[in-house]
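The values are calculated or read from the model by the stated rules, or taken from the named source; none is laboratory data. On a predicted model such as this, the values are computed, not experimentally measured, just so you know. Here Cβ is always computed from backbone atoms with ideal geometry, including for glycine, and neighbour counts include all displayed protein chains. Surface areas here come from the heavy atoms of the whole protein model, side chains and all, with no ligands, DNA or RNA. Shrake-Rupley method; radii C 1.70, N 1.55, O 1.52, S 1.80 Å.
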Amino acid sequence: MSVFSTPRRRTTAAALATATVFAALATVSSASASSSASDTAHEAVHAKKPAAVAQVSGKARISYAYSPKDEIRFSVDAQSAPFSRPVGEFPMGMPTDARGKVTIYHWSPEKKEARRGEAAVDCLVTGGDTATLTAVVTKSQDPGEIGTRMGFSVRTGGPGKGRFGFHWGVSNLDVVDGKAVMPHVGTCMAPAPFASVTEGGFTVKHAELPPLPAGWPGRDH
């Protein structure tokens with residue numbers, strides 16, 4: 001799997017766009033919270049409550065339409081850890097920060113080759129029984145993959161209901177200067193869980209996004 005860098009200006013623009021969106025949302029939230037003293041008090045009490053933890057756990061074999069004879073397995077152990085990964089314009093981190101591990105196993109009978117890898121979870125967001133997460137490769141038989149972020153999606157369930165998705169299994173293309181490239185995967189970016197679970201299963205524990213802390217970019221404006 002090859003991953004090509006997008007121009008730096010795109011990365012910077014994306015970060016600034018993210019800050020702008022969160023700032024706009026935070027501005028609306030702040031305006032509503034300051035509408036009365038009672039709202040402010042309620043927000044203070046709410047902020048003291050421990051945030052619920054989103055989780056994804058399990059391991060399964062999946063059926064991939066474009067390699068139906070291959071044995072492909074994933075295991076996931078991920079937990080949300082909001083505002084735990086300071087980066088660039090976000091010194092407090094992001095509300096979707098997470099920790100954990102994803103392991104990958106792929107046996108190709110055609111090539112008579114098995115590949116294994118591990119990745120450290122850095123982002124997780126849930127919606128009911130579905131989740132998307134990303135993880136950065138820490139172990140791989142291909143040294144060039146180390147440090148690459150991968151995107152995954154999960155739906156709760158075992159055979160017949162559970163599903164799983166991975167970004168390189170479907171189109172992940174961008175066009176730069178008229179040429180098709182494979183861009184970097186952003187945090188929590190993944191396709192829908194397109195592959196069905198055939199053995200094992202996954203469990204998604206949903207949690208709402210946490211409130212933005214005071215001092216977060218745009219939070220107090």
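How long is the gain from residue 105 to residue 84 if the chain were fully straight, where each residue apart is worth 0.36 nm and the alpha carbon distance is subtracted?
That pair, residue 105 and residue 84, stretches by 4.7 nm at full extension.
For the range 188-198, what does the Karplus curve 6.51 cos²θ - 1.76 cosθ + 1.60, with θ = phi - 60°, yield as ³J(HN,Hα) per residue in whole Hz, taken in order and with x for Gly and Pro?
Each residue's phi maps through the Karplus curve to give 6, 8, 7, x, 4, x, 7, 9, 7, 7, 10 Hz.
Between residue 116 and residue 175, what length comes free when the chain is fully extended (0.36 nm per residue of separation minus the Cα-Cα distance, one decimal in nm)?
18.2 nm
Would you pull out the residues with amide H under 5 Å of residue 148's amide H, same chain only if 5 or more places away, H placed 1.01 Å from N?
So residue 148 has HN proximity to 137.
Give a residue-ordered list of calculated ³J(HN,Hα) values for the range 199-205 (Karplus: 6.51 cos²θ - 1.76 cosθ + 1.60, θ = phi - 60°; whole Hz; x for Gly, Pro).
Coupling constants for the range 199-205: 9, x, x, 10, 10, 10, 9 Hz.
Using a 1.4 Å probe on the protein chains only, how many percent of the accessible area of the range 103-221 belongs to carbon and sulfur? Could you put the intermediate results ahead of the total?
Values: 3320 of 6060 Å².
Ligands and nucleic acids excluded, carbon and sulfur give 55 percent.
I need to check one value: relative contact order of the range 97-162, counting alpha carbon pairs closer than 8 Å and at least 6 residues apart, in percent.
24
Taking the Cα centre as origin and putting +1 on Lys and Arg beta-carbons and -1 on Asp and Glu beta-carbons, what dipole magnitude results for the range 105-221, to the nearest 20 debye?
Using only the charged Cβ atoms, the result is roughly 280 debye.
Placing unit charges on C-beta atoms (Lys and Arg positive, Asp and Glu negative, everything else neutral), compute the dipole magnitude of the range 119-182 about its Cα centre in debye, rounded to 20.
Details: 6 positive and 6 negative charges, 56 e Å.
I would put it at about 260 debye.
Taking amide H positions as placed in the peptide plane 1.01 Å from N, state which residues far from residue 87 in sequence (5 or more) or on other chains have amide H under 5 Å from it.
Amide H neighbours of residue 87: 92, 93.
Leaving ligands, DNA and RNA out of it, work out the accessible area of residue 145 with a 1.4 Å probe and give it in Å² to the nearest 10.
Solvent-accessible area, nearest 10 Å²: 20 Å².
For the range 59-70, in order, what is each residue's ³J(HN,Hα) by Karplus, 6.51 cos²θ - 1.76 cosθ + 1.60 with θ = phi - 60°, in whole Hz (x at glycine and Pro)?
Rounded to whole hertz, the list is 8, 7, 9, 10, 9, 9, 3, 8, 9, x, 8, 7.
Stretch residue 214-residue 66 to full length: gain in nm at 0.36 nm per residue minus the Cα-Cα span?
Separation in residues times 0.36 nm, less the Cα-Cα distance, equals 48.5 nm.
Note the direction-averaged projected area, equal to a quarter of the hull surface, for the Cα convex hull of the range 112-221, in nm².
The directionally averaged projection comes out at 10.5 nm².
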